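The values are calculated or read from the model by the stated rules, or taken from the named source; none is laboratory data. Worth saying up front: this structure is predicted, and the values here are computed from it rather than measured. For neighbour counting, all protein chains shown are included, and Cβ atoms are generated from backbone atoms with ideal geometry for every residue, glycine included. The accessibility values were calculated without ligands, DNA or RNA, using every heavy atom of the protein model including side chains. Shrake-Rupley method; radii C 1.70, N 1.55, O 1.52, S 1.80 Å.
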Amino acid sequence: MNDNDNDNDNDNDNNNNNSISRRKFLNNLGFGVAGTIAGGVLATTVIGLTATSENTTTTITMPESGHMSQTLLVMAKDIYPHDIVENKYYQKIVDDLAKQEIKLIGEGVAMLDALSIEKLGKPFIKVAYEPDRIRLLRSIEENAFFIKVRTALMYGLYDNKDLYHLFGYQGSSWDKGGYLNRGLNDLDWLTE
């Protein structure tokens, strides 16, 4: 890719719905190598990955947990955006997931940042324009990292009894005789 292509990409990123296929992304970076985080991240941890094409270990830089945690929070709020849900609920879900799936989440955040830097010239958390972040997330939505984060968020948010009231859910009904005689007709927003 030459300099003119880069200039054109940067000019068009905010105006059109460019996306990169998973196959093209993996082909550009090399199978199994998430990429290198560039610029702005001072503290890094080195993780060794095996590049299947050469069977050698390649080191890539990974953001420390602060960067990872913030990236996951922004990602979580972009996947399931609810203004009524406090950040602490999102943060607990993604931080717990990061502790359970260290390698997958670490490599996933590195891949997301590498893609963001390639497409937008900055790490994912530095992308202020939400539609650009959404475009990046849609380009990886079939990736194991994205699926794991989305699934954890789905269960963590919508199966959390502390948040039921925010979503208007009254909880389980079978043990109380069902909804038929217990609030089925109290929907004030539903017209007859």
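Overview of results
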read-out	value
Those residues of segment 120-138 which are in contact (Cβ under 8 Å) with a residue 60 or more places away in the chain and closer than 14 Å to V109 by Cα, in sequence order	K122, P123, K126, L137
Boolean, E107 is in contact with a helix residue (DSSP H, G or I) (Cβ under 9 Å, 6 or more places away or on another chain) and over 29 Å from F167 (Cα atoms)	yes
Failed item, numbered, when I37 is tested on (1) at pLDDT 95 or above; (2) open to solvent by less than 70 Å² (accessible area, probe 1.4 Å); (3) of a type outside the set (G, A, S)	(1)
Total residues in segment 88-97, condition open to solvent by less than 50 Å² (accessible area, probe 1.4 Å) and without any contact (Cβ under 8 Å) to a residue 40 or more places away in the chain	2
Total residues in segment 98-124, condition part of a helix (DSSP H, G or I), under 24 Å from Y155 (Cβ atoms) and open to solvent by 10 Å² or more (accessible area, probe 1.4 Å)	8
Residues (in contact (Cβ under 8 Å) with a residue 24 or more places away in the chain, open to solvent by less than 70 Å² (accessible area, probe 1.4 Å) and closer than 25 Å to K99 by Cα) located in segment 140-184	I140, N143, A144, F145, F146, V149, A152, L153, G156, L157, N160, L163
Options L157, L112, L120; residue that is more than 26 Å from K88 (Cβ to Cβ) and not aromatic (F, W, Y)	L120
